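The values are calculated or read from the model by the stated rules, or taken from the named source; none is laboratory data. The shown structure was predicted, so the numbers you read here are calculated from the model rather than taken from an experiment. Cβ atoms come from the backbone with ideal geometry, glycine included; neighbour counts cover every protein chain shown. Protein only, heavy atoms only, side chains kept; ligands, DNA and RNA dropped before computing areas. Shrake-Rupley method; radii C 1.70, N 1.55, O 1.52, S 1.80 Å.
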Amino acid sequence: MSRLVESYPVCLSVIGIYGLIVGVIIGQSITKPSNDRENAYSTYTGLAHLCAGLCCGFSGLAAGLCIGIIGDYGVRAVGYRASAVTLFPTSQTEREGYSNIPDSDEAAENTIENVSGSDDQNKLFIGMLIMLIFSEALALYGMIVALIVSQHSYSCV
């Protein structure tokens, strides 16, 4: 699961780069007004650029929230599985919060089942990685829409 936690800053920094790309493209398309007080940057173009920035920003916010929620639940699921603490206790010892992990090596050798849950953790890692990729796609779609919207312009001259 540490591999998954290490991928969060990478996902979130890519989402930040999407906003930087949109900002640079919008900044390059803003025209400088002339000295004879004629403005070529219309209200329509300004609102198109505002909508492009909001679209990229809100989709990045939604993707960041989605990544955070996925990470929170993934870490909790792996933590519960690794400690063999169940979410729905049935016996008195489970209700008190004790795990089923043996305390000594001799007791561990007598148990047949694998309490680490490495197979389940690998399956959980793959599933969570796919969910992280799809949640980052939200920001990518927002950037694509922002690039399309930012190309709309109307010249006043």
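Tabulated data for the structure shown
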read-out	value
Residues of region 14-37 classified as open to solvent by 40 Å² or more (accessible area, probe 1.4 Å), β-branched (Val, Ile, Thr) and not in a loop (DSSP other than H, G, I, E, B), total	5
Every pair of residues 6+ apart whose Cβ atoms lie under 8 Å, when the first sits in region 131-157 and is open to solvent by less than 80 Å² (accessible area, probe 1.4 Å) while the second is of a type in the set (D, E, K, R) and outside any helix (DSSP H, G or I)	Cys156/Glu38
Cβ pairs under 8 Å, 6+ apart, first in region 20-47 and touching a residue at least 60 places away in the same chain (Cβ under 8 Å), second aromatic (Phe, Trp, Tyr) and open to solvent by 70 Å² or more (accessible area, probe 1.4 Å)	Ser42/Tyr154; Tyr44/Tyr154; Thr45/Tyr154
Number of positions in region 103-155 that are at pLDDT 70 or above and not in a helix (DSSP H, G or I)	5
Residues of region 38-52 satisfying the condition of being part of a helix (DSSP H, G or I) and crowded, with 17+ Cβ neighbours inside 10 Å	Thr45, Ala48, His49, Ala52
Near pairs, Cβ below 7 angstrom, 6+ apart or cross-chain, from region 58-71 (more than 14 Å from Val10 (Cα to Cα) and among the aliphatic types (A, V, I, L, M)) to any residue that is open to solvent by 20 Å² or more (accessible area, probe 1.4 Å) and part of a helix (DSSP H, G or I)	Ala62/Leu138; Ile70/Met131
Subset of region 38-61 (residues that are of a type in the set (Phe, Trp, Tyr) and modelled with pLDDT of 95 or more)	Phe58
